[in-house]
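Chemist: Okay, here's the structure, questions in a sec.
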Amino acid sequence: MERILVIGCSGQIGSELTLQLRNMYGNENVFATDIRQAAKDITDTGPFYILDVMDEKRLIHFVIRHKITQIYHLAAVLSGNAEKIPLQAWDINMQSLMNILELAREVEDIRKIFWPSSIAVFGPTTPRVNTPQITVMEPNTVYGISKLAGERWCEYYFNKYKVDVRSIRYPGLISYKTEAGGGTTDYAVEIYYEAIRKRKYQCFLSPETTLPMMFMPDAIKATIDLMEAEASDIKVRSSYNISGMSFCPKEIATEIKRHVPDFEINYKPDFRQAIADSWPQSINADVAVRDWNFSCEYDLGKMSSVMIREIRKKLA
Ligand code: AKB
């Protein structure tokens, strides 16, 4: 029987993944944790604890006491925020991962780990279109450097200690349930909320800045598919490229106008423009398709209809 620990259950991914894992494994077997209070649908459906992944001692006690067999470690400082507190962000992103990898090495019951990487592992010297799985990686952001180092550590722990750690390089994730915090791709969530609340949005990226993106249901499905795959099929132990859609602010604004005709956008690029300019525009996911049948359903049009409908309901 699996007993799953989710670290970062109040975040953008955690708030949706936790509920999906509870559907699959039973509410009582998915232990949701965060350093802040979780939403009601998490606290009402199963165990929730305040837990800081940086607190090694409490973490190990927790894992042993609850006989945890799988860990989803989702807590991180994202790209925009990391540039404001570089050393702290490096410390949080790296130390938390090392705590989890060490735990998995020491505690025999832990069978599998999931840790998210990001398209931020790529940098300005990476080919920007259809970026391959294996390519030049010279990230120039703190977040990207921490994710690339994390990928190397994951592969190292697999090779050296047989820790079954699996990872995905998420593109920008778009969801209506929990807003993201501190990322460069966050504009693509904010824009929907502002379109419905105020019918206008000031974008912190320029109109033609194309980035890889994915709707949350596709990201959740990819995460579960990777974690459910046979260990022998997982050939990449650093992190897998996956790919959903690519668009720029101008294109998403045009799509939103189809639902909110008087929507207006203006542009005031800030420090996040340089981050976006260093990232790929589109990603090649052939290796994930080959190894664990990665697939994806939503394009910009289909996603926008759901986003607008659900945010309208939420804000009504
Ligand atoms: C960010 O913008 O920092 C994240 C990411 C692409 O990893 N959404």
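Chemist: Report the antiparallel proportion of the DSSP beta bridges in segment 135-247 as a percent, rounded to a multiple of 5.
Modeler: Numbers: 3 of 8 bridges.
Antiparallel: roughly 40 percent of the beta bridges in segment 135-247.
Chemist: For segment 218-316, run through the trypsin sites (Lys or Arg not before Pro) and keep only the ones in DSSP coil with at most 14 other Cβ atoms within 10 Å of their Cβ.
Modeler: Lys235, Arg258
Chemist: Pick from Val306, Val287, Val142 the residue whose mean-square fluctuation is largest in a GNM of the chain, springs joining Cα atoms under 10 Å.
Modeler: Between Val306, Val287, Val142, it is Val306 that shows the largest mean-square fluctuation.
Chemist: Compute the distance in nm between two label points, each set 7 Å from the Cα along the Cα-to-Cβ direction, one at Asp277 and one at Met1.
Modeler: For the pair Asp277/Met1, the computed spacing is 5.6 nm.
Chemist: Treating the angle as unsigned and between 0 and 90°, give the value, to the nearest 10°, between the Cα long axis of helix 187-197 and the longest Cα principal axis of the chain.
Modeler: Computed tilt is about 60 degrees.
Chemist: Identify all aspartates and glutamates with a Cα-Cα distance to Lys40 below 15 Å; exclude those on the same chain that are fewer than 8 residues away in sequence.
Modeler: Hits, sequence-local ones excluded: Glu16.
Chemist: While we're here: Can you tell me the orientation of helix 216-228 relative to the chain, as the angle in degrees between its alpha-carbon axis and the longest Cα principal axis, to the nearest 10?
Modeler: 20 degrees
Chemist: Might you tell me the accessible area per residue for the chain, computed with a 1.4 Å probe and given in Å²?
Modeler: Numbers: 13500 Å² over 316 residues.
Per residue, the chain has an accessible area of 43 Å².
Chemist: What is the set of long-range amide H partners of Asp55 at a cut-off below 5 Å, with H atoms built 1.01 Å from backbone N?
Modeler: Hits under the 5 Å cutoff: none.
Chemist: If you count the DSSP beta bridges with both ends in segment 164-316, what percent of them are antiparallel, to the nearest 5?
Modeler: 25 percent
Chemist: Give, rounded to the nearest 20 debye, the magnitude of the charge dipole that the chain has about its Cα centre when Lys and Arg contribute +1 at Cβ and Asp and Glu contribute -1 at Cβ. Numbers along the way, then the final one.
Modeler: On the way: 38 positive and 40 negative charges, 95 e Å.
Result for the chain is approximately 460 debye, rounded to the nearest 20.
Chemist: Based on DSSP, what percent of beta bridges with both residues in the chain are antiparallel, to the nearest 5? List each step's numbers first, then the result.
Modeler: On the way: 3 of 33 bridges.
Around 10 percent of the beta bridges assigned by DSSP in the chain are antiparallel ones.
Chemist: Give me the percent of the accessible area of segment 157-305 that comes from carbon and sulfur atoms, probe 1.4 Å, all protein chains in place. Walk me through the numbers before you get to the answer.
Modeler: Numbers: 2710 of 5870 Å².
Answer for segment 157-305 is 46 percent, counting heavy atoms of protein chains only.
Chemist: Additional query: Provide the gained length on full extension for the span Ser305 to Ala229, in nm with one decimal, where the gain is 0.36 nm per separating residue minus the Cα-Cα distance. List each step's numbers first, then the result.
Modeler: Values: separation 76, 0.36 × 76 = 27.36 nm, distance 3.13 nm.
Here the answer is 24.2 nm.
Chemist: Report the extension gain between His259 and Met94 in nm, rounded to one decimal, defined as 0.36 nm multiplied by the number of residues separating them, less their alpha carbon distance.
Modeler: Numbers: separation 165, 0.36 × 165 = 59.40 nm, distance 4.19 nm.
Between His259 and Met94, full extension yields an extra 55.2 nm.
Chemist: GluC sites (Glu not before Pro) within segment 53-119: which are DSSP loop residues with at most 11 other Cβ atoms inside 10 Å?
Modeler: Working: sites: Glu56, Glu83, Glu102, Glu106, Glu108; in loops: Glu108.
Qualifying residues, ordered by number: Glu108.
Chemist: Ignoring everything except DSSP H segments at least 4 long, calculate the 222 nm mean residue ellipticity for the chain; use -39,500 (n - 2.57) per segment, divide by total residues, nearest 500.
Modeler: -13000 deg cm²/dmol
Chemist: Here's something else I'd like to know. Sticking with the crude label model, points 7 Å out along Cα→Cβ, report the distance from Ile35 to Glu108 in nm, one decimal please.
Modeler: 3.4 nm
Chemist: Quick one: angle between helix 300-315 and the longest Cα principal axis of the chain, in degrees between 0 and 90, rounded to 10, please.
Modeler: Relative to the chain, helix 300-315 is tipped by roughly 80 degrees.
Chemist: How about segment 1-108: which trypsin sites (Lys or Arg not before Pro) there are in a DSSP loop, with at most 15 other Cβ atoms within 10 Å of their Cβ?
Modeler: Numbers: sites: Arg3, Arg22, Arg36, Lys40, Lys57, Arg58, Arg65, Lys67, Lys84, Arg105; in loops: Arg3, Arg36, Lys67.
In loop regions of segment 1-108 (DSSP not H, G, I, E or B), the sparsely surrounded trypsin sites (Lys or Arg not before Pro) are Arg36, Lys67.
Chemist: On a C-alpha basis, how far is the centre of segment 227-280 from the centre of segment 44-68 in Å? Whole number, if you could?
Modeler: Taking the Cα centre of segment 44-68 as reference, the centre of segment 227-280 is 32 Å away.
Chemist: A further question on this structure: Kindly state, to the nearest 0.05, the FRET efficiency for Gln20 paired with Ile60, given R0 = 25 Å and r defined as their beta-carbon distance. List each step's numbers first, then the result.
Modeler: Numbers: r = 27 Å, r/R0 = 1.06.
That gives a FRET efficiency of 0.40.
Chemist: Pairs Lys198/Lys302; Lys177/Lys250; Lys177/Lys268; Lys57/Lys235: which exceed 29 Å Cα-Cα?
Modeler: Values: Lys198/Lys302 23 Å; Lys177/Lys250 24 Å; Lys177/Lys268 26 Å; Lys57/Lys235 32 Å.
Those over the limit are Lys57/Lys235.
The values are calculated or read from the model by the stated rules, or taken from the named source; none is laboratory data. Values in this document were obtained by computation on a predicted structure and should not be read as measured data. Quick reminder, even Gly has a Cβ in these numbers, built from the backbone with ideal geometry, and neighbours come from all protein chains shown. Ligands, DNA and RNA are excluded from the accessible area calculation, which covers all protein heavy atoms including side chains. Shrake-Rupley method; radii C 1.70, N 1.55, O 1.52, S 1.80 Å.
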